[in-house]
Structures are given as C-alpha cells and as structure tokens.
Amino acid sequence: MKLISAIVCSAAAVGTSLLLPGPASAAQVSCASANGVDVTLIEGQAGCRTISDASGRAHAAGLDGVGYASAATGARAFGIGAAGGVGVSEGSAGIPIALGYGSDAVARTTITPEVPARSLAVTVALDGSRAQVRTETGEVVCLGTAALAWDAATGRGCVATPFGQTVFE
C-alpha cells in the first residue's frame, strides 16, 4: 500500500509542477524602424533587427529567437522569432509577415516591387520546419512537419504537416 501511495503522490507532484506557471526566464527584445532608421538589439538568446527607408515601417521581435524586418517603398514588414526560431521579413512593397517558432524553425517572406503595393505574404514555420514566399519568382516553399506559406497577390500557398505537403494555387 505504501508503494501505491508513493506512486500516486509522485504523479500528483509532477502533474502539479507541469500545470502551474513557473517563473519566466525568456529573453525578449523588440525593434521598430521608420524614416530610414536601422535598429539592432541582442539580449541573451534573443535578437532583432529592423531596417527601413523613408517610407517603410519595419517591426521585429525576438523571444528567445531572432526576428528581422526590412521595409522599403511603403512596405510594412513584420518578423518574429521565438523559442529558437527565426522570422525574416523583407518588403519593397506590401505587407510581408514571417513567424519562426521553435528550435531550428525558419520563416522567410520577401515581397518585391513588381507586385501590387497592397500585397500580403505570410510565412509560418514551427519546430525545425521551413517556410518561404518569394514574390519575384512566384515561389512558395513549405518543408518539414509544420509550415505555412501564402502569397495573397498570386493566391499560391502551401502547408506542410506530419502527413505530407499540400500546394494550392
């Protein structure tokens, strides 16, 4: 009976420790750029960089990851890297958005001036996956088990899951 009690108490203690919030220890940085400003911040395992021209606005954040955003010609770029991921967003027009979350995840979005100014492109990569949109080539790429890429200007996109990859146009 004592063995069963010890197992139950141990299981309860482990379950409680997993369910209750613990102290946060993640390094977090955020950068914003407008009017030609170049900003770089690094703190612990987190980093961000933003670059803009006179008409672009770039926002990046790193939460134990790296976020990068570059905006030109009126673009609004957003790059977020979290939990070891990297989000890279570059735009010479439109709204590029990139989110890399999880160890070795990389999301990259590039919008070039050839597309309409109001274009939107989104990439999301989780835990070791890769996602990319390149509007200059019309390319969307999803690799790994958790990735999404979508280009609103062309309607092209892809999704990668543990069950395979789907490309849509």
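The values are calculated or read from the model by the stated rules, or taken from the named source; none is laboratory data. Just so we're clear, the structure is a prediction, and the values are computed from it rather than from any experiment. Every residue, glycine as well, gets a Cβ built from its backbone with ideal geometry; the counts of neighbours run over all protein chains shown. The accessibility values were calculated without ligands, DNA or RNA, using every heavy atom of the protein model including side chains. Shrake-Rupley method; radii C 1.70, N 1.55, O 1.52, S 1.80 Å.
In table form, for the structure just shown:
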read-out: For V37, residues with placed amide H under 5 Å, excluding near neighbours; value: S52
read-out: The stretch 69-131: relative contact order as a whole-number percent, Cα under 8 Å and 6+ apart; value: 30 percent
read-out: Karplus 3J(HN,Hα) series, Hz, for the stretch 129-137 with 6.51 cos²θ - 1.76 cosθ + 1.60 (x for Gly, Pro); value: 8, 10, 9, 8, 10, 10, 5, 5, 10
read-out: Bins of 10 Å from zero: percent of alpha-carbon pairs in the stretch 94-169; value: 25, 53, 20, 2
read-out: More than 14 Å apart - percent of Cα-Cα pairs taken over the stretch 45-111; value: 45 percent
read-out: Fraction of accessible area attributable to carbon and sulfur, the stretch 22-104 (%, probe 1.4 Å); value: 56 percent
read-out: Amide H contacts of G102 (H built 1.01 Å from N, under 5 Å, at least 5 apart or other chain); value: A82, A83, G84, G85, D127
read-out: Sulfur and carbon atoms: percent of accessible area, the stretch 113-169 [1.4 Å]; value: 58 percent
read-out: Per residue, in Å², the accessible surface of the stretch 19-169 once ligands and nucleic acids are set aside, probe 1.4 Å; value: 49 Å²
read-out: Rounded Å value of the spacing that divides the Cα centres of the stretch 23-52 and the stretch 63-140; value: 16 Å
read-out: Solvent-accessible surface (1.4 angstrom probe) belonging to R76, in square angstrom, nearest 10; value: 90 Å²
read-out: Given charges at beta-carbon only (K, R positive; D, E negative), |dipole| of the stretch 33-104 in Debye; value: 200 debye
read-out: Sites T161 and S30 - FRET efficiency at Förster radius 25 Å, r taken between beta-carbons, to 0.05; value: 0.25
